[in-house]
Amino acid sequence: MQRRQSVAGNRRPPAKNGGRARLGYRIGGDLFALFSDNQGDAGGFESSIASIVNQLESVAVDCGDDKINIRVTAGICFGRDNAYTHAALALERARIERRDYLVYTDQMEIKSHYKDNIRWSQKIRNALNDGRIVPFFQPIVDNRSGKVCKHEALMRMIDEDGDVIAPTFLRAAKLSRQYAALTKAIFEQAVAVLAECAGEVTINLTVEDILDSNTVAFIDQKLAQPGIGPRVVLEITETEGIENYEEVRLFVDRMKGYGCKFAIDDFGSGYSNFVHLLRLKIDYLKIDGSIIMNIIDDPDSEAIAQVIVDAARRLGMRTVAEYVGSADIQIKAKQLGIDFSQGYYLGKPLPKPLSVGDAS
């Protein structure tokens, strides 16, 4: 049983209720468990939980000059096998559905999510240990020369059977606290590639990376190496980064001290605050793929792309078209004055960068 305000008591003594022994435990924080050894009275136990929820929510708790109303959510399961896990799953589903309580069933979708996260957590751990979290490099083309001028390092997992897996596992990595390790693995390998190729390499970061002091210290160490900083572009997703403006500004200032550049990814998908971007001194705006993919058939997408290009030019920034999937889209990107293009039409992500200067 979960509640938003905790009460005192680590363990409650057994309560006798018509011969039915019930034990109450404090699991930790504001999480409590209630156990009944009468497996034949499921309906009575559920009614008891509903009554407890109602009673707790009907009484305001005195806290000095204030009174606080407690909100309670409960998860219930019947049976002894994996009782705690199943009750916790029911509790999580009740929270999501904003219900007072729910009884665990085998059909609960959250169970599959729970198992899926555990499976991916183990796969990520094994891949990190085996060196199977690797960057694939997608070429970025200079639209004036038509030549490859840089690459973006994209995270991939090489499965045990050799399959290449796109980073659909990032949510599981964050839940299992392995996300920072993934960032470091990609960053280290992307920087190492600079010794074997020319041009810049773009590396993706999220707000979690920027707010993680250990990750920032790791990036510091890598960019401080001679000749590395000026060849690295750090790419931040707009909707994540700009909402934490002050932290991002300090990070950008610190990393620009090494000569590296910054890009805002998915530009146009969020609120696109030009004032913040001007203060951050961003170098590249990567126009969101949902806009680029529609610039041929949708006049509004074309107009938005043109506005972004014109504004970026006035602010001293350069633009990149993402998800360029056809010759027609590439022609239109050039007509709009977009500086660089990236997408499957121009080159798929590969284990090694292309030679800079290759024709697109």
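Quick notes
- Cα long-axis angle, helix 109-130 against the chain (0 to 90 degrees, to the nearest 10): 50 degrees
- Solvent-accessible heavy-atom area per residue, rounded to whole Å², over the chain at 1.4 Å: 52 Å²
- Counting only alpha carbon atoms, the long axis of helix 213-223 and the longest principal axis of the chain meet at about 20°.
- Residue 192/residue 245 FRET efficiency (R0 30 Å; Cβ-Cβ; nearest 0.05): 0.40
- Shape of the stretch 296-360, Cα gyration tensor, a/c cut at 1.5: oblate
- Exposure rule at most 12 other beta-carbon atoms within 10 Å, DSSP loop chymotrypsin sites (Phe, Trp or Tyr not before Pro): the chain longest free segment: 1-270
- Relative contact order of the chain, taken over Cα pairs closer than 8 Å and 6 or more residues apart, is 13 percent.
- Set of aspartates and glutamates near residue 150 by C-alpha distance (under 12 Å), chain-local residues within fewer than 8 positions excluded: 142, 200, 358
- Fraction of antiparallel bridges per DSSP, the chain only, in percent to nearest 5: 55 percent
- Listed values [x] 1.02; [y] 1.30; [z] 0.98, entry calculated as Cα Rg over 2.2 N^0.38 Å: [y]
- Restriction of the trypsin sites (Lys or Arg not before Pro) in the stretch 184-232 to DSSP coil positions whose beta-carbon has at most 16 other beta-carbons within 10 angstrom yields no sites.
- Loop-exposed GluC sites (Glu not before Pro) per DSSP, neighbour cap 13 Cβ within 10 angstrom, longest uninterrupted part of the chain: 197-360
- Computed over the alpha-carbon atoms, the stretch 169-314 gives an Rg to Rh ratio of 0.99, Rh here being the Kirkwood radius from the mean inverse distance.
- Among the listed pairs 123/261; 256/334; 174/286; 123/286; 256/286, those beyond 22 Å (Cα-Cα): 123/261; 256/334; 174/286; 123/286
- For the chain, built as a Gaussian network whose Cα springs stay under 10 Å, the top-fluctuating residue of 214, 69, 129: 69
- Heavy-atom accessible surface of the stretch 173-254: percent carbon and sulfur, 1.4 Å: 51 percent
- C-alpha long axis of helix 245-256 to longest principal axis of the chain, angle in °: 40 degrees
The values are calculated or read from the model by the stated rules, or taken from the named source; none is laboratory data. Note that the coordinates shown come from a computational prediction; the quantities given were computed from them, not determined experimentally. Backbone-built Cβ (ideal geometry, glycine too); neighbour counts: all protein chains shown. Heavy atoms of the whole protein, side chains included, go into the accessibility calculation; ligands, DNA and RNA do not. Shrake-Rupley method; radii C 1.70, N 1.55, O 1.52, S 1.80 Å.
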